[in-house]
Amino acid sequence: MTEDASAAQDLLRASKALSRVKPSATIAVSQKARQLKAEGKDVIGLGAGEPDFDTPDHIKEAAINAIRSGQTKYTNVDGLPELKEAICAKFKRDNGLEYTPAQVNVSPGGKPVIYNAFLATLNPGDEVVIPAPYWVSYPEMALLCGAEPVFASAGVEDGFKLTPETLEAAITPRTRWVILNSPSNPTGVAYTAEDLKGLAAVLERHPQVLILTDDMYEHLVYDDFEFATIAQVAPNLYDRTLTMNGVSKAYAMTGWRIGYAAGPEKLIKAMAKVMSQTTSNPCSISQWASVAALNGDHGFLKPRNAAFKARRDSMLDKLKDAPGLIAPTPEGAFYIFADCGGLIGKTSQGGQFLKTDLDVCEALLTEEGVAVVPGTAFGASAGFRLSYATDDAALEEAGKRIVRFCQAAAEG
């Protein structure tokens, strides 16, 4: 390498902040599955976290009408007034929570909501308590902001739920945020109102702590589960809770990129300040589509949830025949998190020694053509997440392949 080339490479070195984080494992798995498919391989991708249903027609029509009526200009940095009003109405209707538009933030996706809140409030040395297993981006966003993620174990032995005792042990004087996610990505576990009251009793003893509740999968719950969010069941925490949601999952609008949150007005203003110098406003067309989503007919949710539940039950039934796997029944979202500890130390039919969950997932992909996300990516080794948000035929075949893989490893 020449001196000039070496100097150029030095100019392109990553920042210290970026060097602290890892790429998204869920995106990496989906990309690898797509690449193998493009090469002609028979691959069933169960890594993606998005519904396979299409955006409802009345939402599409609202977007088309917005284009035709010229609603294509900049909007307020953190959201249209009409969308903020729709969000306030949603929180009152669905959660019994009263917010004003000044307490509402609209961002280009759920990730920016969280990142903007972190960037507006975190300093080096601050800590963010994150129950594990966790969504892959939570700790990385904390790290990008110079803070330290603190993991509170919520393992299979606790039904993948954070207990009050574990939460209490994780909080220190440096704790700035606690994250709650229900229904959970990656486990699908959802917290009851009583569960949340137990956690709230701990948080009420720590007034320096802000609470972020990620309710993105709120409308995707099964078996008559009643969704609750912490500001709803613990009014004393209302003034320091950021309640985050979005249109991506329930409304099958992942590509539209609209997330939203409501919380303390001072925090909302700080988040808007961050947006004013980074993204500016979310897409105007997507915002008008989201108004229609929140204010419009929700009749499509029931049949779609019934389809998700049927897929969940079918896959769980198959996994019962998979030696080495433990797969608790999730209450919501569209994920199953399977503990694969029983496969560790085995050898796959293709001859790969299964030392870790990464080995299990790699062998499952190369030998059976099923792409899942290793639990290590979610802070829970010896497990993997599979998404059942795909068509029935693909799930049927994937289930057969997973069982075949596990049976071969158990016998090998």
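A short reminder: the numbers here are calculations on the coordinates, not readings from a lab. Not measured: the values here are computed from a predicted model. Virtual Cβ from ideal backbone geometry, glycine too; neighbours counted across all protein chains shown.
Brief remarks on what is shown
- Between 175, 335, 130, the Cα set farthest toward the positive side of the dipole of the chain (charges on each charged residue's Cβ, about the Cα centre) is that of 175.
- When the Cα positions of 296, 307, 271 are compared along the charge dipole of the stretch 259-392, 271 comes out farthest toward the positive end, with charges on each C-beta of Lys, Arg, Asp and Glu.
- Aspartates and glutamates with Cα under 19 Å of residue 269, excluding same-chain neighbours fewer than 8 positions away: 78, 82, 85, 98, 239
- Ellipticity estimate at 222 nm from DSSP helix runs (n ≥ 4, -39,500 (n - 2.57)) divided over the chain, nearest 500: -12500 deg cm²/dmol
- Sequence-distant residues sharing a close amide H with residue 132 (under 5 Å, placed H): 152, 153, 154
- Pairs beyond 32 Å (Cα-Cα), from 41/320; 32/400; 249/355; 60/111: 249/355
- Per-residue Karplus couplings for the stretch 306-312, computed as 6.51 cos²θ - 1.76 cosθ + 1.60 with θ equal to phi - 60°, are listed in order as 4, 5, 4, 4, 4, 5, 4 Hz, Gly and Pro entered as x.
- Table column - 3J(HN,Hα) (Hz), the stretch 136-150, Karplus curve with 6.51, -1.76, 1.60, x for Gly and Pro: 4, 7, 4, x, 5, 5, 4, 5, 4, 8, x, 8, 10, x, 10
- Between 0 and 90°, nearest 10: helix 57-68 axis offset from the chain longest Cα axis: 50
- The dipole here belongs to the stretch 229-378: it is taken about the Cα centre, uses +1 on the Cβ of Lys and Arg and -1 on the Cβ of Asp and Glu, and is about 560 debye.
- Label-to-label distance, nm, for residues given as residue 89 and residue 224 (7 Å Cα→Cβ offset): 3.1
- Extreme residue, positive dipole direction of the stretch 292-411, given options 387, 323, 374 (C-beta unit charges): 387
- Nearest-ten-degree value, helix 25-38 long axis tilted from longest Cα axis of the chain: 60
- Amide H contacts of residue 181: 214, each under 5 Å away and 5 or more positions distant or on a separate chain (H built 1.01 Å from N in the peptide plane; Pro and chain starts excluded).
- Between residue 321 and residue 76, the contour length at 0.36 nm per residue exceeds the Cα-Cα span by 82.8 nm.
- Rounded tilt (10° steps) of 357-368 against the dominant C-alpha axis of the chain: 70
- The H on the amide N of residue 127, modeled in the peptide plane, is under 5 Å from the matching H of 148, 175, 176, 177, each at least 5 residues off or on a different chain.
- Candidate lysines for bridging to residue 73, where Cα separation is under 18 Å - those fewer than 8 sequence places away on the same chain excluded: 84
- The string of couplings for the stretch 45-56 from the Karplus curve (6.51, -1.76, 1.60, θ = phi - 60°) is x, 10, x, 6, x, 9, x, 8, 6, 8, 4, x Hz, one whole number per residue in order, with x for Gly and Pro.
- Given +1 at the Cβ of Lys and Arg, -1 at the Cβ of Asp and Glu and no other charges, the dipole of the chain around its Cα centre is 860 debye to the nearest 20.
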